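What follows is one structure encoded as structure tokens, with my remarks underneath.
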Amino acid sequence: MGGQLAAVIGTGQTHHTAKRLDVSMAGLCREAIDRAMADAGTDWADIDAVVLGKAPDLFEGVMMPELFLADALGATGKPLLRVHTAGSVGGSTGNVAASLVQSGVHRRVLAVAFEKQSESNAMWALSVMPPFHMPVGAGAGGYFAPHVRSYIRRSGAPNHIGAIVAAKDRRNGALNPYAHLQQADITVESVQASKMLWDPIRYDETCPSSDGAAAVVIADEQTAKGRPAAWIHATAMRTEPTTFAGRDQVSPQAGKDAAAALWKQAGISDPVSEVDVAEIYVPFSWFEPMWLENLGFTEEGQGWKFTEAGETAIGGRLPVNPSGGVLSSNPIGASGLLRYAEAAMQVLGRAGDHQVDGARVALGHAYGGGSQYFSLWVVGSERPGAR
Amino acid sequence: MVTISSEPLSAPLNVGFDYTRSLGPVLGRFATGLRAHTIAGIRGSDGRVLVPPAEYDPVTAEKLTEFVDVGTEGVVQTWSWIAQPLAGQPLQHPFAWALVKLDGADTGLLHAVDAGSPDRMSTGMRVRVRWAAEPVGSIRDIECFEPLDVEPTERAPGEGDPVTMVTTPIHLTYQHTASPEESRYLRGLAEGKLVGQRCPACDKVYIPPRGSCPTDGVPTEDEIELPDHGIVTTFCVVNVPFLGQRIKPPYVAAYILLEGADIPFLHLVLGCEASEVRMGMRVRAQWRPRDQWGTTLENIDHFEPTGEPDAAYETFSQHL
Amino acid sequence: MNPSGGVLAGHPMFAAGLIRIGAAAAEISAGRADKALAHATSGPLLQQNLVCVLEGR
Amino acid sequence: MSEVAVVGFAQAPNVRRTPGTTNGVEMLVPVFHRLLADTGLSKQDIGFWCSGSSDYLAGRAFSFIAAVDAIGAFPPIMESHVEMDAAWALYEAWVKIRTGEVETALVYGFGKSSAGELRRIMAMQMDPYLTTPLWPDSVGVAGLQARLGIDAGLWTEADMAEVAASSRRAALSNPDAQLSGETTAEELLKQPYLADPLRAHDCAPITDGAAAIILASGDKARELSERPAWITGFEHRVDTPLIGARDLTTSPSTIAAAKAAGVDGVQVAELHAPFTHQNILLRQALGLGKRCG
């Protein structure tokens, strides 16, 4: 475990939706921050530093928005960092904030991540094509669909697995008042009937574009002792290049290495039986079986069977994305921190209607770029070593 | 061999979007006020009237709520002279940037002063707002400030529902430069050649070549001309229209592994039904007419099936 | 003050602050100083500032 | 918690315009090779990589991802990125080492400032609702701050020209400098205003460049360098974005950071002041009189 102990003592998020036209970017962030501070029982004097995570500046058309947001983030007069590691940024924001406490530099750190995609158009921002490049791809879905096809071919998965994940995550989302999409009566059949966007990925197997923010308060052992806390047992981050000869785009090495480092640091030898709940970054439904294998929850090629058997539903052997996950809400910069926060909420027993009973150990996972940035953390209801 | 001119290729890159911003309660009230020719400040925790109004206090981070209307005249706290205005600035003839402390405000508002020349600018001078012709609820409803000894131009305020949104066009131009390796590849394309480069460390052939091999961190070097045929490793059928799309969906976007290359690149597959495209299918490039060639992969309009038997999965599975 | 010439002699954005720390560290490693200060700034008109103190032994 | 030291530093020549790409690969590859050679390390020996850059400077989202190629990031590396000056990436790396998880870190920053129109791009750092739409260019805005100090008697245009002259004189000993030479304040003051009260010499040039630093902890640092530069204080603070509400003739965040880092007794200082008057302002804020170098 790296250095001193750290724990999440409070989480907060906004009601994610397509367009939040009632708030400014500052107002959107403060909704999540104020909820996290209330959940943690802390006020501004207790916060030593602020870490902001957000995906490309092009989304909101502001260069280094932490500067204009300094007052709103309560950072004025304090240390302020801005993390940007593409789609995984929400996760790496949590990791960086945790390291500020684990290194003994600070005692209480506020981590915030947001995206207000309605300020522009995420599809445009992702497809700004420099000269000499040929615009073939079609947004994120077009980028990942060929690799989903490769997974299906490699694992022999039947075509309905994606629909099972989408129906499960969206029904979970209906239990979560903060989720953008509330589709309690979605079914595998209705997903399969939805329009094919980038074959093999269908409309209902694709995440929405959301405005949203998430915040967590991370504290040192002295602050977290004797109160409900989600103790950080391990964090991990790995990166690999976008494309290189012989790269495995289906189950990237960076994901495997990050998971291996994480389980080792957390003292977990059999993840599928020692982890009670996992919030995994699944923006396109097929990524659930793919990441189950990449993370070492199942053997290579077996992830889809685990999903098909209903093991990833609430009540299954390893509930995945009880919050509804990225398929139900996707404010890109915040999605990774939402995974982290939802994992903490589970072990804090504060996940409300989508609480997994008796959850003591939870995984938060985020990936970004061309499946090349990975940020993960494991949180537990007990202090590390006390388990 | 490809004619080498050392200068890397470069071309303009325009990044532009009209951002649609929601203002929230405080900035919304300020913008609505501007349209009506009034200026609202807000009282900070230290008692100072902040203009423009801030949503959250700079000292305590608390949400601020007490609005205080201020005057439309004020004092220049400091100024600088812009002899050659840049695109998008408030005035397109020489002007002064200034911090103007409006009567009743305690902080300076950053805006332009139309003084005509720098010697008519001085710290401490009084200036007044010159309202824009068509106020819409934006900081540009203040066209600029002007000295008091100038004939005021009467302009009517606007009205309507409270302002909640502002559109801020952001258009930036860059000069994009291709890497030296890419430039040789692009010049090769202009002559109908597909020129890859081999990494001296891992011997893999990259197309397009790389300024730095992603696994070894060294530039790819010796050039290899590759044939214009190969196989589809994997693909997707694009059914969704999107901004800047070149051809009408549905079309197949496929990873093409050229014979002799160690990495596929993305291109279009046409010349058959989308449903007929398969992983491992052998394809050949369909070049555009020579007179349309430029330094771009678009010289190849698309790839077409050759009709030869597909490649076995095992022969390309390591490229997925 | 600014033995390297500082950013007025060269200001590569997003690397200039790191270079100040590198230049200050070079003074220490070369034995020309035992305690050095490096400063980096970010944002309009020095809105955000960093100070790194380096010492030789 | 062992101490952390700078054990290696390399930078690309500062030039007005490099023919390279906006993702900085052409500048970074030689810098990485030189730095690894100087310290005898290979890329596998680096525990953590962290970089600083800006999408808006490059004109593209994810421009920093292409720079990962320059490292040869396979097998996968432990890496992070801040959308800030790489000095803050160094701070993140320093924190990472202090958690005990890694012993070494390589931190790099790059910027091709010549690709876009820098004076306009910098306006994008301001309030997007009420300030950026006026497109206040960075030089014009800096002129506002310069004049406040001139009017308050804190510095004169001659003092500012003196800062420029001594900077170019010092740069004669810096092979990577873009502008260097022998000149005098009087000579410089004869130049026309670029944006009254600022002249060209008062403003940092537009520069393309890149740099990298290797950090190491404890024994590793002593092994890699005869005289490691130990980091004994590392602090940063931010002020309010409300330009009009700030006292622009001083720098509270610098004062607070310096106080926390412990700057008394420093014998040399490298200040990051993109304008001559800001050099003077920072020296006054830090209490570094003339005696300091």
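Residues in region B:127-141 that are more than 14 Å from every other protein chain (Cβ to nearest Cβ) and farther than 16 Å from B:THR72 by Cβ: B:ALA133, B:GLU134. What are the residues in region D:74-120 that are open to solvent by less than 10 Å² (accessible area, probe 1.4 Å) and free of Cβ contacts under 8 Å to residues at least 24 places away in the same chain, if any? D:VAL95, D:THR99, listed by residue number. Applying the selection to region D:64-105, what residues are out of contact with any Phe, Trp or Tyr (no Cβ under 9 Å at 6 or more places or on another chain), hydrophobic (A, V, I, L, M, F, W, C) and within 14 Å of chain B (Cβ to nearest Cβ)? Correct list: D:ALA66 only.
Taking the criterion of being touching a helix residue (DSSP H, G or I) at 6+ places or on another chain (Cβ under 8 Å) and open to solvent by less than 20 Å² (accessible area, probe 1.4 Å), the residues of region D:209-227 that qualify are D:GLY209, D:ALA210, D:ALA211, D:ALA212, D:ILE213, D:ILE214, D:LEU215, D:ALA216, D:SER217, D:SER225.
In region A:340-382, the qualifying residues are those that are open to solvent by 10 Å² or more (accessible area, probe 1.4 Å) and charged (D, E, K, R), and the one that is nearest to A:ALA174 (Cα to Cα) is A:ASP353.
Here D:LEU215 fulfils each of the conditions (1) touching a Lys or Arg at 6+ places or on another chain (Cβ under 6 Å); (2) under 24 Å from D:LEU28 (Cβ atoms) apart from (1). Considering region D:8-20, the residues that are open to solvent by 20 Å² or more (accessible area, probe 1.4 Å) and outside any loop (DSSP other than H, G, I, E, B) include one that is nearest to B:THR215 (Cα to Cα), namely D:PHE9. Taking region B:63-81 as the range and being without any contact (Cβ under 8 Å) to a residue 24 or more places away in the chain and touching a strand residue (DSSP E or B) at 6+ places or on another chain (Cβ under 7 Å) as the test, the residues that pass are B:LYS63, B:SER80.
Screening the candidates A:ASN172, A:ASN159 for the property of being open to solvent by 10 Å² or more (accessible area, probe 1.4 Å), under 20 Å from A:THR17 (Cα atoms) and at pLDDT 95 or above yields one hit, A:ASN172.
Residue-by-condition table, conditions (1) more than 14 Å from chain B (Cβ to nearest Cβ); (2) hydrophobic (A, V, I, L, M, F, W, C):
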{"site": "D:ASP137", "(1), (2)": "no, no"}
{"site": "D:GLY153", "(1), (2)": "no, no"}
{"site": "D:ALA171", "(1), (2)": "yes, yes"}
{"site": "D:ASP176", "(1), (2)": "yes, no"}
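Report whether or not D:ILE280 is more than 20 Å from C:ALA25 (Cα to Cα) and either acidic (Asp, Glu) or under 18 Å from the mean Cα position of the chain (by Cα) (or both). Against the criterion (more than 20 Å from C:ALA25 (Cα to Cα) and either acidic (Asp, Glu) or under 18 Å from the mean Cα position of the chain (by Cα) (or both)), D:ILE280 qualifies. For region D:21-61, a residue qualifies if it is surrounded by fewer than 21 Cβ atoms within 10 Å (Cβ to Cβ), among the aliphatic types (A, V, I, L, M) and in contact with a Leu (Cβ under 9 Å, 6 or more places away or on another chain), and the qualifying residues are D:LEU36, D:LEU41.
Looking only at region B:26-72, which residues are within 10 Å of another protein chain (Cβ to nearest Cβ), β-branched (Val, Ile, Thr) and assigned to a loop (DSSP other than H, G, I, E, B)? Result: B:VAL51, B:VAL59, B:THR60. For region D:232-255, a tally of residues being assigned to a helix (DSSP H, G or I), among the aliphatic types (A, V, I, L, M) and either at the interface with chain C (Cβ under 7 Å from one of its Cβ atoms) or within 19 Å of the chain's Cα centre (by Cα) (or both) returns 2.
Looking across region B:275-295, the residues that are open to solvent by 30 Å² or more (accessible area, probe 1.4 Å) and under 21 Å from A:TYR143 (Cβ atoms) come down to B:ARG278, B:MET279. Taking the criterion of being assigned to a loop (DSSP other than H, G, I, E, B), open to solvent by 20 Å² or more (accessible area, probe 1.4 Å) and in contact with a strand residue (DSSP E or B) (Cβ under 6 Å, 6 or more places away or on another chain), the residues of region B:226-271 that qualify are B:ASP228, B:ASN239, B:VAL240, B:PRO249, B:PRO250, B:GLU259, B:GLY260, B:ASP262, B:PRO264, B:LEU270, B:GLY271. So, in region A:1-43, how many residues would count as being within 14 Å of A:ALA219 (Cβ to Cβ) and small (Gly, Ala, Ser)? Final tally of qualifying residues: 6.
Here A:VAL23, A:VAL50 are screened, and the one residue that is open to solvent by less than 10 Å² (accessible area, probe 1.4 Å) and either in contact with a Gly (Cβ under 7 Å, 6 or more places away or on another chain) or modelled with pLDDT under 95 (or both) is A:VAL50. In region A:92-108 there is no residue that is at the interface with another protein chain (Cβ under 7 Å from one of its Cβ atoms), over 18 Å from C:ASN49 (Cα atoms) and in a strand (DSSP E or B). Please determine whether any residue of region B:152-172 is β-branched (Val, Ile, Thr), surrounded by fewer than 17 Cβ atoms within 10 Å (Cβ to Cβ) and free of Cβ contacts under 8 Å to residues at least 24 places away in the same chain. Yes, region B:152-172 contains a residue that is β-branched (Val, Ile, Thr), surrounded by fewer than 17 Cβ atoms within 10 Å (Cβ to Cβ) and free of Cβ contacts under 8 Å to residues at least 24 places away in the same chain.
Need pairs with beta-carbon distance below 6 Å; first residue without any contact (Cβ under 8 Å) to a residue 40 or more places away in the chain and not assigned by TED's automatic domain parsing to the domain that holds B:GLU62 and within region B:5-32, second charged (D, E, K, R) and surrounded by fewer than 20 Cβ atoms within 10 Å (Cβ to Cβ); sequence gap 6+ or separate chains. From residues that are without any contact (Cβ under 8 Å) to a residue 40 or more places away in the chain and not assigned by TED's automatic domain parsing to the domain that holds B:GLU62, there are no pairs.
Table: residues versus (1) away from chain B (no Cβ under 14 Å); (2) touching a residue at least 24 places away in the same chain (Cβ under 8 Å).
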{"residue": "A:VAL165", "(1), (2)": "yes, yes"}
{"residue": "A:LYS168", "(1), (2)": "yes, yes"}
{"residue": "A:LEU175", "(1), (2)": "yes, yes"}
{"residue": "A:ALA179", "(1), (2)": "yes, yes"}
{"residue": "A:MET196", "(1), (2)": "no, no"}
{"residue": "A:ASP199", "(1), (2)": "no, yes"}
{"residue": "A:TYR203", "(1), (2)": "no, no"}
{"residue": "A:SER209", "(1), (2)": "no, yes"}
{"residue": "A:GLY212", "(1), (2)": "no, yes"}
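When the residues of region B:203-225 are filtered to those that are in a strand (DSSP E or B) and not aliphatic (A, V, I, L, M), which remaining residue is surrounded by the most Cβ atoms within 10 Å (Cβ to Cβ)? Only one residue tops the list, namely B:TYR206.
Within region B:86-114, the set of residues being open to solvent by 10 Å² or more (accessible area, probe 1.4 Å), facing chain D (nearest Cβ under 7 Å) and part of a strand (DSSP E or B) comprises B:LEU110 only. The single condition among (1) open to solvent by 10 Å² or more (accessible area, probe 1.4 Å); (2) assigned to a loop (DSSP other than H, G, I, E, B) that A:GLN222 does not satisfy is (2).
The values are calculated or read from the model by the stated rules, or taken from the named source; none is laboratory data. As the structure is a computational prediction, the values presented were derived from the model and not from experiment. So basically every Cβ, Gly included, is an ideal-geometry build from the backbone, and we count neighbours across all protein chains shown. To get the accessible areas, we keep the full protein, side chains included, count just its heavy atoms, and leave off ligands, DNA and RNA. Shrake-Rupley method; radii C 1.70, N 1.55, O 1.52, S 1.80 Å.
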